[in-house]
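The values are calculated or read from the model by the stated rules, or taken from the named source; none is laboratory data. Since the structure is predicted, the reported quantities are computational estimates derived from the model, not experimental observations. Note that each Cβ is placed from the backbone with ideal geometry, even for glycine, and that neighbours are counted across all protein chains shown.
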Amino acid sequence: MSRFGDDPRAFFRQVYDAAAPWDVGGPQPVLAALLADHPPRSPILDVGCGSGDLAIHLAQAGHEVVGVDFVETAIASARRKAKALPEGVAARVRFELADASRPSALGFTVGAIVDSGFLHLLDADETTRYVVDLAAALPSHGRYYLQAFATEFDVLHTPRAVTSAELTARFNGHSGWRVLEIRDAEFLNRVGPPVPAIAACLERI
């Protein structure tokens, strides 16, 4: 059973019945700044894209972007947002219902993968499988950008903490990666104060 019960899809469907707590009307600022400091290559895959704010931000910056999520309501919301964009921007972004934990199985080549709050949803075994799949999905010099919680909550159905030590252990030269940057961050949300977070840019060797 995952951190989100025996049916995570049902859990997140219920979250998206209303505005999700992490939908703040745009990308997380620290992740947007990290992407600006370490520019990605298109096309970009947004894993766990939710209602699409990060993917749309990247499309507005000129990138080709595909957002994937396994929650139908989230993808429907993202597609509505995309339809409201200027035609040139809308042509650069699309949203698909898919398993974000298996980016290599999606059937298209990407230059970068962005992750705003996906990795911290996975337990240890799921994370190990996901990191292997990321490596298969990205070419040499392809980059993985992430932002995740850096604190644990003693509450059911909440993300786990991701630490700098974990990232450097999982993404290193032995596994075919190099760390370009890890920085402190905070996750903005609609329901409370910002949550301590971590953001990172990791590159395939």
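Identify, please: which residue in the range 130-148 is of a type in the set (Gly, Ala, Ser) and within 21 Å of Ala98 (Cβ to Cβ) and is, among those, surrounded by the fewest Cβ atoms within 10 Å (Cβ to Cβ)?
Ala136
Can you give me the number of residues within the range 43-72 that are surrounded by 17 or more Cβ atoms within 10 Å (Cβ to Cβ) and part of a helix (DSSP H, G or I)?
7
Can we say Glu96 is part of a helix (DSSP H, G or I) and surrounded by fewer than 22 Cβ atoms within 10 Å (Cβ to Cβ)?
On the way: part of a helix (DSSP H, G or I): no; surrounded by fewer than 22 Cβ atoms within 10 Å (Cβ to Cβ): yes.
It is false that Glu96 is part of a helix (DSSP H, G or I) and surrounded by fewer than 22 Cβ atoms within 10 Å (Cβ to Cβ).
Spot the failing condition for Thr151; the list is (1) among the hydroxyl-bearing types (Ser, Thr, Tyr); (2) touching a Cys at 6+ places or on another chain (Cβ under 8 Å); (3) farther than 19 Å from Gly111 by Cβ, and only one is missed.
If we test Thr151 against (1) among the hydroxyl-bearing types (Ser, Thr, Tyr); (2) touching a Cys at 6+ places or on another chain (Cβ under 8 Å); (3) farther than 19 Å from Gly111 by Cβ, just (2) comes out false.
So Ala19 passes all but one of these: (1) of a type outside the set (Asp, Glu); (2) assigned to a loop (DSSP other than H, G, I, E, B); (3) without any contact (Cβ under 8 Å) to a residue 40 or more places away in the chain; (4) surrounded by fewer than 18 Cβ atoms within 10 Å (Cβ to Cβ). Which condition number does it fail?
Of the numbered conditions (1) of a type outside the set (Asp, Glu); (2) assigned to a loop (DSSP other than H, G, I, E, B); (3) without any contact (Cβ under 8 Å) to a residue 40 or more places away in the chain; (4) surrounded by fewer than 18 Cβ atoms within 10 Å (Cβ to Cβ), the odd one out for Ala19 is (3).
May I ask you to list the residues in the range 102-123 that are modelled with pLDDT of 95 or more, part of a loop (DSSP other than H, G, I, E, B) and small (Gly, Ala, Ser)?
Gly111, Gly117
Quick test for you: out of Thr168, Thr127, Thr151, pick the one residue that is under 17 Å from the mean Cα position of the chain (by Cα), surrounded by 12 or more Cβ atoms within 10 Å (Cβ to Cβ) and polar (S, T, N, Q).
Thr127
Go through the range 25-42 residue by residue and tally those that are part of a loop (DSSP other than H, G, I, E, B) and within 23 Å of Glu181 (Cβ to Cβ).
Narrowing the range 25-42 to residues part of a loop (DSSP other than H, G, I, E, B): 25-28, 38-42.
This time we only want the ones that are within 23 Å of Glu181 (Cβ to Cβ), so: 26-28, 38-42.
Going through the range 25-42 one residue at a time, the tally reaches 8.
Which residues, counting only those in the range 94-108, are of a type in the set (Gly, Ala, Ser) and touching a Gly at 6+ places or on another chain (Cβ under 6 Å)? Reasoning before the result, please.
In the first step, residues of the range 94-108 are kept if they are of a type in the set (Gly, Ala, Ser); the result is 98, 100-101, 104-105, 107.
If the condition is that a residue be of a type in the set (Gly, Ala, Ser) and touching a Gly at 6+ places or on another chain (Cβ under 6 Å), then Ala100 is the only one that fits.
Could you list, in sequence order, all residues of the range 124-157 that are in contact (Cβ under 8 Å) with a residue 60 or more places away in the chain and in a loop (DSSP other than H, G, I, E, B)?
Listed by number, the residues that qualify are Leu138, Pro139, Ser140, His141, Gly142, His157.
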